[in-house]
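Q: Sharing a structure below in structure tokens format, with a few things to ask.
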Amino acid sequence: MKKLKLLTVSTLLTLTLSACSSSNTEAPATSKAPSSTAAAVEDNKPVTFSFFNFEAGKNINTNETPIGKELEKQTGVNFKIEKLVGESKTKSGVMIAGNEFPDVIQPGGEIDKFMDAGVFIPLDDLIEKHGPNIKRVYGPYFNKMKQKDGKIYHLPFSANQGFIANPNVDQGAFWIQRGVLKEMGYPKITTLDEYFDVVKKYKEKHPQVDGKDTIGFSMLTHDTNFFTITNPAFHLAGYPNDGGLLIDLKTKEAKSNAIDEATTKRWVKKLNEINATGLFDKESFTMNKDQYLAKLTSGRVLGYFAYDWQVGDARNNLSKAGVDDKRYVALPIVFDKGVKDQYLDPPSFVNNRGISITKSAKDPVRIIQYWDNLLKEENQILSQWGIKGQTYEVDDKGKFFRTDEQIAKIKDPKFYEDFGLKEHAYNWPRYGNFSILKDGNAFDPNKQPSVAEKNFTEGDRTILKAYNAKVFTDMFSQPDDRPWYPAWSINKGQGTPEQIFEQKMGDLQKKAYPEMILTAPDKFEKTWSDYVGQASKLDIKGYEAFVTKIVKARASGDWSK
């Protein structure tokens, strides 16, 4: 197996802090910028495009923020962004039935539905005529972006330009409140049993927080977030997020873990056990995302599993509050000692998430020109770092950094949103999160070693010292090379056997999981048996064969399927 050419982030920090060197990172895959004249925006007449984003949040005009205003100044373009309210499936269905669309859509997990309905226009000719920067950034990935008809319909968000590792955990993990670790003397927690034992002991000692009941373990399952409660089963067994599939590193054979006793049954049974002892938050199956984030922010929840991007608002609010003991730290929990955790993503390209122009768009040329302009390196810096002198500085060696005051401002969720950093952080044509700029600075400020170091609080340093780590990802295993990754991004298409399988299995799990977890322990085996009986009627073998075929193709370099 080819080894990944990765260096740990602690190594990056050490080298960078001591010598301000960028030699510890791979060079960007594509570093030759197009001429500025080739990328020039030809039409700067003011125009506002409509943009529907299938993520929950606040509706906004991009020109209401300093970053969006600067981009409007360059292009004349403003985007009126509407965010998702309610369930994504309902919204996409209503939009497709009405056959009227905004100019631009970020469809999230509804992308296949829009693709099959013919909502998006092909971008190939637009890119060829108006997209020199798009070609520079996405060119190495074009073969992974083309659909079955050979055309490109969306621009993904993960086109990495080189690679720099992350000092912080931004993927899935078992999170635990720092005060729990502190009071327990910073124990080494490896297994799921150890994790819940620590949570239980702390909860017994502190049954209430600010006059309300302490919550042992809570989960977010609302709408499209249900995977949050199914995914831990394979993570605990030492697999990364391949979307409910256990893929053998050598044979590339894919196995669904939907009814796997060694992973799913063991995980769900454990949740059933902790529910019986009062550790599990029953509202995990009823609360929406806002309610969940508010619960995390309250300081009542001792532990949870989530992907960090799901809980960013709660994380930021807790950081702003400045009470380290109420903040959370990620742990690489596994079922048994000796299992190599694989929570950190290997370098990858997600080709089934992105932004598209619809067939209703009034001026696709202006939109593609805006996107191309956005992909100029200076605007990638603008969208991620902000404005020099306000949200970052540059030292005499050309290294970007943030002052203590700027870091404090960025940690304020209101400033982060009002300045436009939140709106432009994702969901636009962009470099991938692990990218390196041409001058050696990190594309993502949080991956810049100097910023990461300054961001650490005294509480951070205490935990890192307690666990003999220089950065938080040191506490996790490095990812194995998986050239197909992630398998969850495989395009199934609407109405195919594979898409129908996933839909039916998902619907079944949304019904069965609450029953299995909330039932009395002596009835668990029956609820599990009932679930397996119904799941076994679905074509699991056929689904596994389909995924195995695509995984093997991707591993051989063929991403066309």
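The values are calculated or read from the model by the stated rules, or taken from the named source; none is laboratory data. Keep in mind it's a predicted model, so treat the numbers as computed, not measured. Quick reminder, even Gly has a Cβ in these numbers, built from the backbone with ideal geometry, and neighbours come from all protein chains shown. SASA here: full protein model, heavy atoms, side chains in, ligands and nucleic acids out. Shrake-Rupley method; radii C 1.70, N 1.55, O 1.52, S 1.80 Å.
Q: Rounded to two decimal places and with Rh computed the Kirkwood way over Cα pairs, what is Rg over Rh for the range 145-213? Before the final figure, lay out each step's value.
A: Details: Rg = 21.4 Å, Rh = 16.6 Å.
On the Cα set of the range 145-213, Rg over Rh gives 1.29.
Q: Let me ask something else about it. Which links in 89/212; 492/552; 80/376 stretch past 25 Å when you go from one Cα to the other? Display every interim value, and only then the final one.
A: On the way: 89/212 35 Å; 492/552 16 Å; 80/376 22 Å.
Check vs 25 Å cut-off fails for 89/212.
Q: Over all directions, average the projected area of the Cα convex hull of the range 231-376 and note it in nm². Mind dumping the intermediate values first?
A: On the way: hull surface 56.8 nm².
Averaged projected hull area, Cα only: 14.2 nm².
Q: Return the aspartates and glutamates within reach of residue 45: Cα separation strictly under 15 angstrom, same-chain partners fewer than 8 residues apart disregarded; answer none if there are no such residues.
A: 70, 72, 363
Q: Output needed for the range 451-523: three equivalent-ellipsoid semi-axes, defined as square roots of 5 times the C-alpha gyration tensor eigenvalues, in descending order, whole Å. Let's see the in-between values first.
A: Working: eigenvalues 311, 114, 27 Å².
Semi-axes from the Cα gyration tensor: 39, 24, 12 Å.
Q: What full-extension length gain, to one decimal in nm, is calculated for residue 362 and residue 515 as 0.36 nm per residue of separation minus the Cα-Cα distance?
A: On the way: separation 153, 0.36 × 153 = 55.08 nm, distance 4.88 nm.
Between residue 362 and residue 515, full extension yields an extra 50.2 nm.
Q: At most 14 other Cβ atoms within 10 Å and a DSSP loop assignment: could you name the trypsin sites (Lys or Arg not before Pro) in the range 352-401 that fit? Display every interim value, and only then the final one.
A: On the way: sites: 353, 359, 362, 366, 376, 388, 397, 399; in loops: 353, 359, 362, 376, 397, 399.
Qualifying residues, ordered by number: 359, 362, 397.
Q: Same structure again: For a quick protection proxy, order the peptides 420-426, 409-415 by their average other-Cβ count within 10 Å, most packed first.
A: Working: 420-426: 20.9, 409-415: 16.7.
Top of the packing list down: 420-426, 409-415.
Q: For the chain, compute Rg over Rh where Rg is the Cα radius of gyration and Rh is the Kirkwood radius from the inverse mean 1/r over Cα pairs.
A: Working: Rg = 23.4 Å, Rh = 24.7 Å.
Taking Rg over the Kirkwood Rh, I get 0.95.
Q: Express in whole angstrom the spacing between the alpha-carbon centres of the range 319-342 and the range 418-482.
A: Computed from Cα coordinates, the inter-centre distance equals 16 Å.
Q: Further, regarding this structure: Hey, what do the phi angles of the range 483-492 turn into as Karplus ³J(HN,Hα) couplings, whole Hz, using 6.51/-1.76/1.60 and θ = phi - 60°, x for Gly and Pro?
A: x, 8, 5, x, 5, 5, 7, 4, 6, 9
Q: Test of the criteria: in the range 47-135, which GluC sites (Glu not before Pro) are in a DSSP loop and have at most 10 other Cβ atoms within 10 angstrom of their Cβ?
A: Details: sites: 55, 64, 70, 72, 82, 87, 100, 110, 128; in loops: 87, 100.
Answer in residue order: 100.
Q: Next up: Can you classify the range 497-542 as rounded, prolate or oblate using the Cα gyration tensor, where a ≥ b ≥ c are the square roots of its eigenvalues, rounded means a/c under 1.5, and otherwise it's prolate if a/b beats b/c and oblate if not?
A: Working: a/c = 4.71, a/b = 2.07, b/c = 2.27.
Because a/c hits 1.5 or more and a/b fails to exceed b/c, the range 497-542 counts as oblate.
Q: Given a 1.4 Å probe and heavy atoms of the protein chains only, how would you sort 532, 323, largest accessible area at the top? It would help to have the intermediate numbers written out before the result.
A: Working: 532 35, 323 70 Å².
Result of the area sort, largest leading: 323, 532.
Q: Further question: Quick one: of 340/447; 270/537; 411/447; 255/526; 422/510, which pairs are farther than 22 Å apart, Cα to Cα?
A: Details: 340/447 24 Å; 270/537 25 Å; 411/447 15 Å; 255/526 24 Å; 422/510 31 Å.
Too far apart for the 22 Å limit: 340/447; 270/537; 255/526; 422/510.
Q: Please give, to one decimal in nm, the separation of the simple spin-label points placed at residue 135 and residue 407, each 7 Å out from Cα toward the Cβ.
A: Between residue 135 and residue 407, the label points sit 4.2 nm apart.
Q: In terms of Cα to Cα distance under 13 Å, which aspartates and glutamates are near enough to residue 362, apart from those fewer than 8 places away along the same chain?
A: 100, 103
Q: With θ set to phi - 60°, apply the Karplus curve 6.51 cos²θ - 1.76 cosθ + 1.60 along the range 217-230 and write out the HN-Hα couplings as whole Hz, x wherever there is a Gly or Pro.
A: Each residue's phi maps through the Karplus curve to give 8, 10, 9, 9, 10, 5, 6, 7, 8, 5, 4, 4, 9, 8 Hz.
Q: If you count the DSSP beta bridges with both ends in the chain, what percent of them are antiparallel, to the nearest 5?
A: Details: 25 of 43 bridges.
Rounded to the nearest five, the antiparallel share is 60 percent.
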